[in-house]
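Beneath this line is the structure, given in structure tokens, with notes to follow.
The values are calculated or read from the model by the stated rules, or taken from the named source; none is laboratory data. All of these numbers come straight from a predicted model, not from anything done at the bench. Virtual Cβ from ideal backbone geometry, glycine too; neighbours counted across all protein chains shown.
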Amino acid sequence: MSVTVRVPAKVNVQLAVGAARPDGFHELANVFLAVGLYDEVTATPSPDGLSITCEGPDAAQVPLDRTNLAARAAVALAERYGRTPDVHLHIAKDIPVAGGMAGGSADGAGALLACDALWGTGASRDELLDICAELGSDVPFSLVGGAALGTGRGEKLTELEVGGAFHWVFAMATRGLSTPAVFREFDRLAEAREVPEPVASRELLGALAKGDAEALAATVSNDLQSAALSLFPELADTLAAGRAAGALVSLVSGSGPTTAFLARDAEAAEALAAALRTSGTCRDVRTASGPVPGATVV
């Protein structure tokens, strides 16, 4: 017997970042939108203890030891229910690695849900979300999906209404970016100014509720974008190429280096993707729409 869970990527349509807290994290107002690029995590009983395999784009960059969030999720669930994590986890990867789209977090949420189903632990949604929050700031949203406002360090979620589908194009960069490194650069760049408290934009939340792509484009923001561009200046060329090709808005996705472009509709997204593929500014281009559901047993 095995259990497979499909988990989506995310794009941050607002990422407001406060000053560093004493614990090293930052207060956030983080508006997540789950989009239709997916990893799949399959859990299978294993008499030899915990093991991980991975296939797909960038699979060689995925750690196959207990530092992997999928492994950590299996261990956390097993410890909570007093059992050993005797499971093999296979990750079929389609979300970019180190791309600012929560691929690692998706794998953690996927493994947690898959192991819960495989072992019949019967954990409540709140228990699963509690474990997710222990694993990482983005992991709870990977479980929930749809659209949500994340506060605290991003782990405290308020689900949001969305009035329609939004069509996105994602450009994959030639190398990755470390999320901690981007936050450190944010702190360095913010040294000479006072960092305001992060607050969700009412206009942005209204645009999501209406399903209005042009209104959303006018209100998206990412406080980490300057830090990502400081560490990876070539991303500016990708952002400019997307704007020139007709994107309603272009931005760095989360901590980067994946760049995200909002299109008017599905047809416009395909045309934008074709232009970016020939721009010479990125290594791959994908289209996806959202919101989509979070981690789901398939």
- Note on the structure: Expected output for region 4-17 (first residue at pLDDT 95 or above and surrounded by fewer than 24 Cβ atoms within 10 Å (Cβ to Cβ), partner acidic (Asp, Glu) and part of a strand (DSSP E or B), Cβ below 6 Å, 6+ apart or cross-chain) is 4/40; 6/40
- Within region 158-193, can you find the residues that are touching a residue at least 60 places away in the same chain (Cβ under 8 Å) and over 20 Å from residue 97 (Cα atoms)? 160, 162, 165, 166, 167, 186, 187, 190
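Can residue 294 be described as modelled with pLDDT under 95 and either among the small types (Gly, Ala, Ser) or over 20 Å from the mean Cα position of the chain (by Cα) (or both)?
No: the conditions fail for residue 294.
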- For region 66-99, what are the residues that are over 14 Å from residue 111 (Cα atoms) and in a loop (DSSP other than H, G, I, E, B)? 81, 82, 83, 84, 94, 95, 96, 97, 98, 99
- Looking at 111, 98, 106, which is the one that is buried (at least 18 other Cβ atoms within 10 Å of the Cβ), assigned by TED's automatic domain parsing to the domain that holds residue 37, in contact with a Gly (Cβ under 8 Å, 6 or more places away or on another chain) and within 23 Å of residue 178 (Cα to Cα)? 98
- Message: What's the number of the only condition in (1) closer than 17 Å to residue 15 by Cα; (2) outside any loop (DSSP other than H, G, I, E, B) that residue 254 fails to meet?
- Response: (2)
- Query: What are the residues in region 169-185 that are closer than 20 Å to residue 204 by Cβ and in contact with a helix residue (DSSP H, G or I) (Cβ under 7 Å, 6 or more places away or on another chain), if any?
  - Reply: 169
- Task: Could you tell me whether region 74-93 includes any residue that is basic (Lys, Arg), over 18 Å from the mean Cα position of the chain (by Cα) and not assigned by TED's automatic domain parsing to the domain that holds residue 179?
- Result: yes
- Hits in region 194-238 (condition: under 16 Å from residue 27 (Cβ atoms), out of contact with any Leu (no Cβ under 9 Å at 6 or more places or on another chain) and charged (D, E, K, R)): 194, 197
- Query: Is it fair to say residue 50 is crowded, with 18+ Cβ neighbours inside 10 Å, under 22 Å from residue 255 (Cβ atoms) and not assigned by TED's automatic domain parsing to the domain that holds residue 263?
  - Reply: no
